[in-house]
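**Student:** My structure is below; once you've seen it, I'll send some questions.
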Amino acid sequence: MIAEIHTLAEYEAELAKPGLAVLDFYSPHCGPCHVIAPLYSKIAEDQSSVRFYKVYIIFIVRRMPVLMQHLQVNGLDEAGSEVQKKAEVTWWPTLVVYKDGKEIWRDRVPNPPSSKPLESLEYYLKTVVA
């Protein structure tokens, strides 16, 4: 099962738990994010001892007032990017693995998308969990 993280408090609470956690930082407007979503879901199904999450991130564009106004009207202002900032994510999709709250692996999916980061994630999880 893949859970959604919406706030910085949820992010910090999940990382405070022992064990492995994988976070997929994504945007619904991101083509590569849609391409990797089924692969990410499959890995989550196969790794029952690992917690999987999705974190919706936004790109803050201060130089585009119309876009900023749209984001603020729809509740996606800078407060919505707190988790993204805390995790130092500047690209999406970005996949991050944490063990006992500490980052131990990270990769970004390129555009055009490639399955290599997900293959690397799957291999990495098999070696860490084993």
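**Student:** Calculate, for ASP107 and GLU12, the FRET efficiency according to 1/(1 + (r/R0)^6) with r their C-beta to C-beta distance and R0 22 Å; round to the nearest 0.05. Don't skip to the answer; put the middle values down first.
**Tutor:** Details: r = 22 Å, r/R0 = 1.02.
Calculated transfer efficiency: 0.45.
**Student:** From the phi angles alone, apply the Karplus equation (6.51, -1.76, 1.60; θ = phi - 60°) to the stretch 86-99 and give each ³J(HN,Hα) in whole Hz, x where the residue is Gly or Pro.
**Tutor:** 4, 7, 6, 9, 10, 9, 9, x, 10, 10, 9, 10, 10, 10
**Student:** Once the Cβ-Cβ distance between VAL129 and ALA3 is put in as r, and R0 is 22 Å, what FRET efficiency do you end up with, to the nearest 0.05? Write out the running numbers ahead of the final one.
**Tutor:** Values: r = 19 Å, r/R0 = 0.85.
Once the sixth-power term is evaluated, E becomes 0.75.
**Student:** Please list, in order along the stretch 100-113, the HN-Hα scalar couplings obtained from phi with the Karplus expression 6.51 cos²θ - 1.76 cosθ + 1.60 (θ = phi - 60°), rounded to whole Hz, x for Gly and Pro.
**Tutor:** In residue order, the calculated couplings are 6, x, 10, 5, 10, 7, 8, 8, 10, 8, x, 10, x, x Hz.
**Student:** Also: What residues have an amide H closer than 5 Å to that of TRP105, excluding those fewer than 5 places away on the same chain, when H is modeled at 1.01 Å from N in the peptide plane?
**Tutor:** VAL97
**Student:** Collect residues whose amide H, placed 1.01 Å from N in the peptide plane, falls under 5 Å from the amide H of LYS54; neighbours closer than 5 in sequence don't count.
**Tutor:** HN-HN under 5 Å from LYS54: ALA3, GLU4, ILE5, ASP24.
**Student:** Just tell me which lysines come within less than 25 Å, Cα to Cα, of LYS86; anything on the same chain fewer than 8 places away is out.
**Tutor:** LYS86 reaches LYS17, LYS54, LYS99, LYS102.
Readers should treat all values here as calculations from the given coordinates under stated rules, not as data from a laboratory. All values reported here derive from a predicted model rather than from experimental measurement. No Cβ is skipped: glycine too gets one built from the backbone with ideal geometry, and neighbour counts run over all protein chains shown.
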